[in-house]
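Chemist: Please find one structure pasted underneath; my questions will follow.
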Amino acid sequence: MTAYLVTVAILVCVAALIGLALNFQWGLAGLVNFGVVGFVAIGAYVTALLTPEIGWLPAMMAAGAVAAALSTGLALLSIRLEENYLAIVTIGFGEIVRLVILNEEWLTQGALGIADIPRPFAALGEALGGDLVFIVFTCALLAIVFLGLEGLARSPFGRALRAIRDDATVTAALGKPVFALRVRAFAVGGAVMGVAGALHAFYLRYIDPSQFTPIVTAYAFMAVIAGGRGSNIGLLLGAGSIMALLEGTRFLKDFISVIDGVQLSALRLGLIGVGIVLLLILRPQGLVPEPRRRAADVLPGGRD
């Protein structure tokens, strides 16, 4: 039971990292990204390919850098588009990544995937036994990313992104470089998604294309919506709630013996969907609404 709970905790941390990245792009800056799974897959495969050659830390940094570079390129090409068209472009990007990792066997091993990915602090983990060292590493990484993104959200950069989200035309009229700020926001989110992919690869130690399906993107959006768009603290609660529902509903078969595995899988997703709909009806702002700041909170001497 302990091993199962540790596994769930690690999965929650990975889901929270992905959700934090999407919350920065969509929740804070208003940039719709339906290609989340593509950036996560890029981070995972870069990590799997480079870790045996250069070590886990440079590989994880490379995963974030490659994902950030690709997200910057995608943003430069498409971020001037309207929201609906940007969503379509990101969907296409995610599908392109899936096809590449499935068919370029010389690089990604295709459907066979990549196995025996070294973990961080592997020797220490073996000495202590279990996943204790890895879960500490995972929680520490999540805390660092959370504090970093929260700092950006509270900075002038974050306030400018909120202004762009609410009204890009007015923000541009005030002299803010809307396009450059959007590109930077997309790049930051892409880098965090790449790091989340690296963590995914480290934990499972084996990756293949079947792990990177559009449901990963759907779960990320569910976590942001449930937690509260624009709220990082709410995102943590939202990711935890979604993963708790996903894992908790696995035990329905112990109480409903007449359903098989396929029906159980459909029922689990249906229950999560019903939960999200009820949350949107009863608490549309999410579990923890985005904090609204007054002028007195940001202007010098505003409280005097």
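The values are calculated or read from the model by the stated rules, or taken from the named source; none is laboratory data. Computed from a predicted model, the values in this text were never measured in an experiment. Quick reminder, even Gly has a Cβ in these numbers, built from the backbone with ideal geometry, and neighbours come from all protein chains shown. These area figures cover heavy atoms from the full protein model, side chains too; ligands, DNA and RNA do not enter into them. Shrake-Rupley method; radii C 1.70, N 1.55, O 1.52, S 1.80 Å.
Chemist: How much accessible area per residue does segment 58-120 have, counting only protein heavy atoms and a probe of 1.4 Å, in square angstrom? Write down the numbers at each step before the final one.
Modeler: Working: 3590 Å² over 63 residues.
Computed with neighbouring chains in place, this is 57 Å² per residue.
Chemist: While we're on this one: Need one word for segment 60-188: rounded, prolate or oblate. Basis is the Cα gyration tensor (sqrt eigenvalues a ≥ b ≥ c); a/c below 1.5 gives rounded, then a/b vs b/c decides.
Modeler: Here segment 60-188 falls in the oblate category.
Chemist: So, one more: Which far-off residues, 5 or more places away or on another chain, put their amide H under 5 Å from the one on F121, with H placed in the peptide plane?
Modeler: Hits under the 5 Å cutoff: none.
Chemist: Which shape class, rounded, prolate or oblate, goes with segment 1-95 when its Cα gyration tensor gives a ≥ b ≥ c as root eigenvalues, a/c under 1.5 marks rounded, and past that a/b bigger than b/c marks prolate? Walk me through the intermediate numbers first.
Modeler: Working: a/c = 2.58, a/b = 1.44, b/c = 1.80.
Oblate, because a/c is 1.5 or more while a/b does not exceed b/c.
Chemist: While we're here: In debye, nearest 20, what is the charge dipole magnitude of the chain about its Cα centre with +1 on Lys and Arg Cβ and -1 on Asp and Glu Cβ, if you could check?
Modeler: Details: 20 positive and 19 negative charges, 212 e Å.
Dipole size: approximately 1020 debye.
Chemist: Taking the simple approach of a point 7 Å from Cα along Cα-to-Cβ for both R80 and R154, what is their distance in nm?
Modeler: 3.7
Chemist: Same structure again: Ignoring ligands, DNA and RNA, what percent of the accessible area of the chain is carbon or sulfur (1.4 Å)? Don't skip to the end; give the middle numbers.
Modeler: On the way: 10160 of 14880 Å².
On the chain, the fraction of accessible area on carbon and sulfur atoms equals 68 percent.
Chemist: In nanometres, what is the gap between the two model label sites at A3 and S257, each 7 Å from Cα along Cα-to-Cβ?
Modeler: That separation, rounded to one decimal, is 2.8 nm.
Chemist: Charges on Cβ only, +1 for Lys and Arg, -1 for Asp and Glu, centred on the Cα centroid of the chain; of P289, G189, F146, which one is farthest towards the dipole's positive end?
Modeler: Final value for the positive-end residue is P289.
Chemist: For E53, E150, give the ranking by accessible area with the largest first, probe 1.4 Å.
Modeler: Values: E53 145, E150 35 Å².
Correct descending sequence by accessible area is E53, E150.
Chemist: Here is a follow-up. Mind ranking I10, I225 by accessible surface for me, highest first, 1.4 Å probe? Please list the in-between numbers first.
Modeler: Numbers: I10 0, I225 50 Å².
Result, largest first: I225, I10.
Chemist: Would you rank R98, R268 by solvent-accessible area, highest first, keeping every protein chain in place and using a 1.4 Å probe? Mind showing how you got there, number by number?
Modeler: Values: R98 75, R268 35 Å².
Largest accessible area first, the list is R98, R268.
Chemist: Over what distance in Å are the Cα centres of segment 257-278 and segment 38-88 separated?
Modeler: 32
Chemist: Just subtract the alpha-carbon distance of S265 and A143 from 0.36 nm times their residue separation and send over the number in nm, one decimal. Display every interim value, and only then the final one.
Modeler: Working: separation 122, 0.36 × 122 = 43.92 nm, distance 3.18 nm.
So the chain would gain 40.7 nm between S265 and A143.
Chemist: Further question on the same structure: Would you work out the relative contact order for the chain, in percent, from Cα pairs under 8 angstrom that are 6 or more residues apart?
Modeler: On the way: 442 pairs, mean separation 93.4, N = 304.
Relative contact order, the chain: 31 percent.
Chemist: Right, next: Under a crude label model (7 Å from the Cα following the beta-carbon direction), how far is L99 from S210 in nanometres?
Modeler: 2.2
Chemist: Here's another thing I want to ask about it. Using θ = phi - 60° and the Karplus curve 6.51 cos²θ - 1.76 cosθ + 1.60, what whole-Hz ³J(HN,Hα) does each residue of segment 188-199 get, with Gly and Pro shown as x?
Modeler: Here the 3J(HN,Hα) series is 4, x, x, 4, 5, 5, x, 5, 4, x, 4, 5 Hz.
Chemist: Still on this structure, I have one more. Kindly report, to the nearest 10 Å², the accessible surface of I215 as traced by a 1.4 Å probe over protein heavy atoms only.
Modeler: Surface open to solvent at I215 totals about 60 Å².
Chemist: Would you kindly derive the ³J(HN,Hα) couplings of segment 7-24 from the backbone phi angles with the Karplus curve 6.51 cos²θ - 1.76 cosθ + 1.60 (θ = phi - 60°), listing them in order in whole Hz, with x for Gly and Pro?
Modeler: Residue by residue, segment 7-24 yields 4, 4, 4, 5, 4, 4, 4, 5, 4, 5, 4, 4, x, 4, 5, 5, 5, 5 Hz.
Chemist: To continue, here is another question. How many Å² of accessible area per residue for segment 211-270, probe 1.4 Å?
Modeler: With the other protein chains kept in place, segment 211-270 gives 48 Å² per residue.
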